[in-house]
Structure formats: C-alpha cells, structure tokens
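Take a look at the structure below.
A short reminder: the numbers here are calculations on the coordinates, not readings from a lab. It should be emphasised that the depicted structure is a prediction, and the values quoted were computed from it without experimental measurement. For neighbour counting, all protein chains shown are included, and Cβ atoms are generated from backbone atoms with ideal geometry for every residue, glycine included.
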Amino acid sequence: MKSNLAPVVIIGCERVKLLKKLIISLKKNDLSKNTKAYFFIDFTNNEKAKKKIIFLLKNTNFFNEKKIILRKKKFGLKKNISNAINYVFRYHDKIIVLEDDLELTKYALLYFNRSLSKFKDNDKIYTISGFSFNNKNDSEIFKNKNLMLAKRPSSWGWATWKKKWFKLKTFNFENINYYSSSYGNDLILMGLKKKIGMLDSWAYDWTIRHIIHDKYCAYPRKSYIINNGHDKHSNNNFFKIKKNNSNLNNKVIKSYNYQLENKMIRDKFKSYYSQFFLIFIIKLVLFKILRFIK
C-alpha cells in the first residue's frame with residue numbers, strides 16, 4: 001500500500017491554531033511519512049496569520065513530499081476546494097481532502113487508503129467519509145457491520161477517486177430544484193441560498209448529485225475525524241451551532257463490510273442535520289425575501 005497512497009489535500013485560510021492541530025494529528029498517523037501533502041491556503045489580509053502559516057508549513061517536514069500553494073487573491077471556500085481537487089487530479093487518481101479545522105485519529109489515513117482500495121470499482125460508492133456522527137443506537141443502525149452507506153456525503157474529512165469525481169460532476173444538476181428534507185431541512189435552506197448567490201459551498205452540489213443519482217458515501221461506525229471548526233470563520237453555519245460529539249475510532253477496521261442505507265439511517269441524517277423548526281422558518285423566510293428582492 002505504501003507505494004500507492006492517496007495524497008492529502010489540506011485546505012486552509014488564516015486559522016493558524018486549527019491548522020497546527022491538524023498537522024500534529026497527521027504526524028501521529030504512521031502513513032503520513034509515505035504520503036504526499038498539498039496545502040492550498042486562501043488569500044488573507046491578516047499578515048500576521050499569513051506569516052505564521054508560512055512558517056508552520058515550511059517547518060512541517062514529516063511528509064514524504066509536500067507542495068504549498070498560497071493564493072494571491074481571495075478564492076473563497078468553494079473555489080479554493082474545487083480548484084485544489086482539480087489540480088491534484090492532474091497527477092493522482094485518488095485523493096483525501098481535509099479542511100484546516102479538522103483533527104485525525106491515529107489510524108485515519110490507513111482507514112481512508114484501505115477504503116479507497118476496497119471500493120475503487122464499486123459503482124455505487126463515490127465518497128469515503130472519515131467523520132461519523134453515530135454515537136447513539138449505532139448497534140441498531142450498523143448491526144454487525146463496520147460501515148454504513150448513505151446518499152448524503154460528509155465534507156468533514158473525505159476521500160474520492162478521480163474517475164468518480166469527474167463522472168458525477170458531468171451529471172446534469174443546475175436545472176434541478178431539490179426541496180426534500182429527507183436528509184435534513186438544511187439542504188432546502190442551502191438550495192435557496194444558492195439561488196440568491198449566497199452559498200459558498202462546493203459540498204452542496206456534491207451532495208445533491210449523490211442523492212439524485214443514487215450514489216453513496218461510506219461512513220465508519222465510529223469517527224476518525226474531530227471537527228473543531230465551529231468558530232467565527234466557519235462557512236454555512238448560521239447561529240454557529242456546535243454538533244460534534246461523536247465517539248472516536250482509535251482502532252484499525254479489519255472488515256470493510258457495510259450496512260446499506262435504510263429508513264433508520266435516513267432518519268438519523270434528518271435528525272442530525274435539520275435545523276430547529278423556529279430557526280428553519282426564520283431562515284426560510286429570510287432567504288425567500290432576499291430571493292424576491294434580488
């Protein structure tokens with residue numbers, strides 16, 4: 001496996017402390033010393049933070065190789081990630097994507113690489129998630145399996161393949177209006193935000209394409225990812241709600257068998273991602289007013 005590891009793509013902006021936590025967690029993964037890392041740091045006017053990030057990255061030397069790309073103008077989250085993925089896919093056929101607000105457990109890279117190898121030729125699985133929010137009733141959801149499949153992917157530490165990334169992107173999407181709350185009413189709100197040009201998210205398009213084209217994301221029973229990003233810089237988290245209390249996985253998965261999506265899994269996603277009713281209504285009305293004004 002060491003000769004064919006997926007590169008790690010790290011997306012950052014000006015969050016020095018969070019980026020440092022991520023790098024420390026990557027160092028604890030044994031496979032990092034055989035992995036190539038790409039850093040894509042968005043432009044910031046915060047010169048102090050910029051200098052600290054450059055210093056941090058230049059002194060990060062445990063990867064097999066590294067490449068640092070500093071944006072010379074502001075890209076924003078959606079453009080920075082999409083551009084980074086397309087760039088790396090010029091040279092690699094699979095990828096692991098991490099934003100700077102994440103931390104990894106010890107065997108995260110091993111989990112990602114084994115999953116990418118295991119499901120490479122599975123035409124239903126298009127994303128591998130390192131994050132999992134299932135900390136209650138997981139025995140009912142997973143039964144005796146170590147993974148579950150769901151049509152809603154997670155952007156909190158994930159991996160995919162070049163062939164599947166470009167194949168899913170070619171599917172028609174722009175003329176589709178998705179207003180179902182089957183996987184969470186937040187998707188309705190994001191759809192409205194997109195229509196009024198307020199959504200800076202690559203993940204929304206990726207998610208809807210999974211759902212409407214019956215493609216799946218594989219989730220581990222316990223999370224290999226910690227999300228530390230619910231701060232003032234977090235995108236698409238109006239009201240800054242914290243939702244990260246998953247059980248963590250510090251073990252190696254021996255069997256990559258999975259539980260296919262069912263109603264219980266869909267209900268779990270709906271419960272996790274849906275906004276509280278009052279907050280949902282306030283946002284819904286706000287975005288509809290803004291859409292009317294525009």
Of the listed pairs 120/254; 50/288; 143/195; 20/268, which have alpha-carbon separations greater than 28 Å here? 50/288; 143/195; 20/268
Mind checking which aspartates and glutamates have their Cα closer than 20 Å to the Cα of residue 48? Skip sequence neighbours fewer than 8 apart in that chain. 14, 100, 101, 231
With an 8 Å cut-off on Cα pairs and a minimum separation of 6 or more residues, tell me the relative contact order of the chain in percent. 22 percent
Straight-line reach check, residue 124, cutoff 19 Å on alpha carbons, 8 or more apart in-chain or any other chain, hits among aspartates and glutamates -> 93, 205, 214, 261
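Could you give the size of the charge dipole of the chain about its Cα centre, using +1 on the Cβ of each K and R and -1 on the Cβ of each D and E, expressed in debye and rounded to the nearest 20?
500 debye
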Give me the one-decimal nm value for the distance between modelled label points at residue 65 and residue 30, 7 Å along each residue's Cα-to-Cβ direction. 2.4 nm
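On full extension of the chain, what length is gained from residue 252 through residue 271, given 0.36 nm per residue of separation minus the C-alpha to C-alpha distance? Before the final figure, lay out the partial values.
Values: separation 19, 0.36 × 19 = 6.84 nm, distance 2.85 nm.
Result for the pair: 4.0 nm of gain on full extension.
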Considering the chain as a Gaussian network with a 10 Å cut-off on Cα pairs, which listed residue, 222, 283, 167, attains the greatest mean-square fluctuation? 167
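Once you have the Cα-Cα distance between residue 17 and residue 52, take 0.36 nm times their residue separation minus that, and quote the gain in nm to one decimal.
Values: separation 35, 0.36 × 35 = 12.60 nm, distance 0.96 nm.
Gain on stretching residue 17 to residue 52: 11.6 nm.
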Between residue 72 and residue 140, what length in nm is gained on full extension when 0.36 nm per residue of separation is reduced by their alpha carbon distance? 19.5 nm
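Considering only Cα-Cα distances, which of the following residue pairs are longer than 28 Å: 66/164; 58/167; 164/270; 27/151; 52/270? Walk me through the numbers on the way to the answer.
Details: 66/164 25 Å; 58/167 35 Å; 164/270 26 Å; 27/151 31 Å; 52/270 40 Å.
Among 66/164; 58/167; 164/270; 27/151; 52/270, the Cα-Cα distance tops 28 Å for 58/167; 27/151; 52/270.
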Compactness of segment 2-293 - radius of gyration and Dmax, Cα, Å: 18.5, 55
Using R₀ = 30 Å, calculate the FRET efficiency as 1/(1 + (r/R₀)^6) where r is the Cβ-Cβ separation of residue 286 and residue 83; round to 0.05. 0.50
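Just the projected area, averaged over all directions, of the convex hull on the alpha carbon atoms of segment 34-184: how many nm²? Don't jump to the answer; show the numbers that get you there.
Numbers: hull surface 47.5 nm².
Mean projected area of the Cα convex hull: 11.9 nm².
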